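Undergrad: Shown below is the structure under consideration.
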Amino acid sequence: MSLAGGQRQLDIKITRKAFRTASGELREVLRDFSLVLDAGKIHALVGPSGYGKTTLLRIIIGLDRDFEGQVSLPPDTKIGMVFQEPRLLPWRNVRDNLRLVAPEAAEADLSRIAADLGIGEHLNYFPGELSLGLARRVALARAFAVEPNLLVLDEPFVSLDRPLAMRLGDELVTLVERKKLTTLLVTHDLDEAIRLADHIMLLGGRPAKIIADFNISCPRATMTAEHAAELKAEIGAIMAGASA
Amino acid sequence: MALRILSLVLLIAIWQVAAMLAASRVLPEPGAVVAVMLREAHSGALFFNLGITLARVIVSFGLAMVFGTLFGIAMGRNETFDRLGDPWLVVLLNLPALVIIVLAYIWMGLTDAAAILAVALNKLPNATVVIREGARSLDAGLEEMASVFAMPWSTRVKHVLLPQLAPYIAAATRTGLSIVWKIVLVVELLGRSNGVGFEIGTAFQLFDISLLLAYALPFVGIMLAIEAFIVQPFEHHVSRWRPKAA
């Protein structure tokens, strides 16, 4: 786990990723795309829907191998993944959903993670008995249960109401900071990205590339509403320029 | 439950009245059938034949389910397998049970192996088709989840794959058991020298309806018990996670 806080980076270089559409033509989603994730930082990848965010994620986590390029993760990379939908096993209770991805984790560790994410009382529930908010908490807990050194989140708070999404986001940041986890957060919500990330990358264009790249210099805790608004205006202008 | 029992009692009462009205050797009274049943039970023949038939049912059903599940998963998941296997499936589905049974006896002799194989082959395409349907509707999202979290194979099969197939396995079990035991009786009638089917064949030659029913009815009872005490509890167990309607 100490490695995650070290100097290791994740390098992603995608020369080309294309789909064949239903009508038979080849559509390039990504070309000459590269991305570097610094160890221990929260990176947000922001862009409108349909610009290859999920495609990119699937390549990074190894679900899609049909591309030209290279994703170099350190050999002992353990990925904790939070999908857009919770993707829990509906026939196993919450405890088993955590346990099955982390068979060797100590019971106490799992309980602590569950407690940190506010699902300590729900360990014996089946996913079908949980609200969406709770199910998303379980999905987050599952990602932490594997003791990851790379945390990947695909729109983890989508379709939650705003206050709940913000609270969960804060809890996420607390856990990530405690463990110094390298994190990649994909979102279409700029406010969320500004609030949570150390580093924001804007995705745009077809085929998609990174059109702008920000380091959020001020630490999260000292981020003020004014500063966030300035940032948002600045980023919004770039995005508007890119899509014009 | 009370209604079900009442319905059964009514059936027996109708039988009793019909037998009294007919007063014929080909429609014995319920009491006469029970008497034969007790006689056969006393000699041990009833239990021996029921047991042997049940064993054949279990083995052939088990074979059909195991291979049907494997083929069904392979065909449901892989288009090449599906294309290769589908014509075979259609042939097997449309081959009359009797043809398979006779061919098995001619090619393999009048043996238990031939009998069991013939029954299993009759049930196999059915199980394959049902499980294939299940395998086609597997949740790709859960599979990706299992793969990203690097779940070992055994975990994936036990906790991701089989729970999704469980309703299909239960459906195949339910239809399968009733098909299999009926075919086992035919197989025994044609080529075995023991079992419920053989006894029914003997009863047919002697026109002994009491003997026929004395073997047939307990076996129906056993199959109902398997359904009530094994299949239904299994279904209940595998669907316990489904939210219950309030």
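The values are calculated or read from the model by the stated rules, or taken from the named source; none is laboratory data. Bear in mind that the values here come from a model prediction, so they are computed numbers and not experimental data. When we count neighbours, we look across all protein chains shown, and the Cβ atoms used for this are built from the backbone with ideal geometry, even at glycine.
Undergrad: Tell me the residue from A:Leu130, A:Leu98 that is more than 18 Å from the chain's Cα centre (by Cα), among the aliphatic types (A, V, I, L, M), within 13 Å of another protein chain (Cβ to nearest Cβ) and buried (at least 20 other Cβ atoms within 10 Å of the Cβ), please. First the steps, then the outcome.
TA: Values: A:Leu130 fails: buried (at least 20 other Cβ atoms within 10 Å of the Cβ).
Going through A:Leu130, A:Leu98 in turn, just one is more than 18 Å from the chain's Cα centre (by Cα), among the aliphatic types (A, V, I, L, M), within 13 Å of another protein chain (Cβ to nearest Cβ) and buried (at least 20 other Cβ atoms within 10 Å of the Cβ): A:Leu98.
Undergrad: Does B:Leu211 meet the test of being part of a helix (DSSP H, G or I), out of contact with any Ser or Thr (no Cβ under 8 Å at 6 or more places or on another chain) and more than 14 Å from chain A (Cβ to nearest Cβ)?
TA: no
Undergrad: State all residues of the stretch A:1-27 that are touching a Gly at 6+ places or on another chain (Cβ under 9 Å) and either more than 23 Å from A:Pro75 (Cβ to Cβ) or at pLDDT 80 or above (or both); if no residue qualifies, say none.
TA: Once the filter is applied, which keeps residues that are touching a Gly at 6+ places or on another chain (Cβ under 9 Å) and either more than 23 Å from A:Pro75 (Cβ to Cβ) or at pLDDT 80 or above (or both), the stretch A:1-27 yields A:Ile12, A:Lys13, A:Ile14, A:Thr15, A:Arg16, A:Lys17.
Undergrad: Only one of (1) more than 14 Å from chain A (Cβ to nearest Cβ); (2) at positive phi fails for B:Leu93. Which number is that?
TA: In the conditions (1) more than 14 Å from chain A (Cβ to nearest Cβ); (2) at positive phi, B:Leu93 misses (2) alone.
Undergrad: Which of the strands (runs of 3 or more DSSP E) found entirely inside the stretch A:1-87 contain at least 1 residues meeting this: closer than 23 Å to A:Pro207 by Cβ?
TA: A:10-20, A:26-37, A:42-46, A:68-72
Undergrad: Can you tell me how many residues within the stretch A:191-231 are assigned to a helix (DSSP H, G or I) and modelled with pLDDT under 80?
TA: Going through the stretch A:191-231 one residue at a time, the tally reaches 10.
Undergrad: Checking A:Arg137 against (1) within 13 Å of chain B (Cβ to nearest Cβ); (2) of a type in the set (D, E, K, R); (3) buried (at least 16 other Cβ atoms within 10 Å of the Cβ), only one condition comes out false. Which one?
TA: (1)
Undergrad: Same structure, new question: Could you tell me how many of the residues in the stretch B:60-112 are among the aromatic types (Phe, Trp, Tyr), crowded, with 18+ Cβ neighbours inside 10 Å and more than 13 Å from B:Arg132 (Cα to Cα)?
TA: As a first pass, look at the stretch B:60-112 and keep what is among the aromatic types (Phe, Trp, Tyr): B:61, B:67, B:71, B:81, B:88, B:105, B:107.
With crowded, with 18+ Cβ neighbours inside 10 Å added as a condition, the list becomes B:61, B:71, B:105.
Narrowing the set further to residues that are more than 13 Å from B:Arg132 (Cα to Cα) leaves B:61, B:105.
Result for the stretch B:60-112: 2.
Undergrad: Is it true that B:Val160 is touching a residue at least 12 places away in the same chain (Cβ under 8 Å), closer than 30 Å to A:Ala102 by Cβ and among the β-branched types (Val, Ile, Thr)?
TA: Here the answer is yes, as B:Val160 does meet what is asked.
Undergrad: Okay, moving on. Need pairs with beta-carbon distance below 7 Å; first residue assigned to a helix (DSSP H, G or I) and within the stretch B:1-29, second not charged (D, E, K, R); sequence gap 6+ or separate chains.
TA: B:Ile12/B:Pro30; B:Trp15/B:Pro30; B:Gln16/B:Pro30; B:Ala18/B:Leu27; B:Ala19/B:Leu27; B:Ala19/B:Pro28
Undergrad: Next up: Could we say that B:Val148 is buried (at least 21 other Cβ atoms within 10 Å of the Cβ), within 14 Å of chain A (Cβ to nearest Cβ), free of Cβ contacts under 8 Å to residues at least 60 places away in the same chain and in contact with a strand residue (DSSP E or B) (Cβ under 8 Å, 6 or more places away or on another chain) here?
TA: yes
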